[in-house]
Each structure stands twice: as C-alpha cells, then as structure tokens.
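Have a look at the structure below before the remarks.
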Amino acid sequence: MKSLLAKSTVVAAFILVLRVGGFAHCQIPCGIYDDEARFDQLTEHILTIEKSMKAINDLSAAEDKDYNQLVRWVNNKEDHADKYMEIVTQYFMTQRIKPVEPTDTAGYAAYTKQVVLLQQMLVEAMKCKQTTDGAHTEKLRQLLAQFHDLYSDHTH
C-alpha cells in the first residue's frame, strides 16, 4: 500500500511538473533558446489581442448581444495578454537579459534600455487587459520592434 501511494505521488508530481513546465521556458538553465520564436509568439499574441478587441467592440455594439461570445473573447484577450507578459518576464527578463555592472558604461546603458522597454511592454499588455483601445496594441507593436532592434544589436 505504501509503495502504491509513493508511486502515485511521484506520478502526480511528474504530471504537475509537466503541466506547469509547459507554460514557461525552463529555468535550469537548459541553454536551449530560440529568441526569434519568442518574438514571433509575442507578435502573434498582439494580433490575437487585437482581433479579440475588435470582436468585443463589435459584439458590444450589436443590438442583440451574444454574451456568451462576448465573454469568450474577453477571456481570449486576457489569456493572450497574460501569455505575452509571461514571455516578457519568464523568458527575457529572467533568462535572456543579464545584469550588467554600472562600471561597464556602454553595457549598462544597453541593459537599462532593454529593461525599461520590457517594463513598458508589460504595462501596455496590462492596459490591453483593461480596455479594448487599439492604441495599446499599436504601442505594444512599437515597443516590441524597439526591443527587438536593441536586443538584436546585443546578441546573446
């Protein structure tokens, strides 16, 4: 009985690790990074947030409101904003952007610019969750392009 319980606990823990691990890149660090894939994912999340905002606005303006669809689009917008924020924090901020000593003037300036852009991206993603104003997705797109250019200039 103890053996069965122990095995069940190990299997349950393993399944939990697989489920949780599927949402974020590992933090071992494994050394396997695909930065361009992350940029593509961020772009896709912006497009999905935009599409969700449009659907929410269209459904809200309809005479006969389809609340079920409206809720689904709101949830979709929230989910993709969360996924966007997860990539920014769990991939770029914690794994790819390395702290630089202030004594390395040029390196520290680049590091600071990257961190500031990432923080601004998080704020805009939060605003996307709060509203259906397309100005926020456009700002996300601009910030992502700026970050991509700066990040690419300081290849890892």
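Read-outs: derived from the displayed coordinates by stated rules, not from any lab. Every value quoted in this text rests on a predicted model; they were computed, and no experiment measured them. Positions of Cβ are backbone-derived with ideal geometry, glycine not excepted, and every protein chain shown enters the neighbour counts.
Panel order for Met85, Met126, by other beta carbons found within 10 Å of each beta carbon, from fewest to most: Met126, Met85.
What do you get for Rg/Rh of segment 33-153 when both radii come from the Cα atoms and Rh is the Kirkwood radius? In segment 33-153, Rg relative to Rh is 1.08.
Panel order for Thr112, Thr43, by other beta carbons found within 10 Å of each beta carbon, from fewest to most: Thr112, Thr43.
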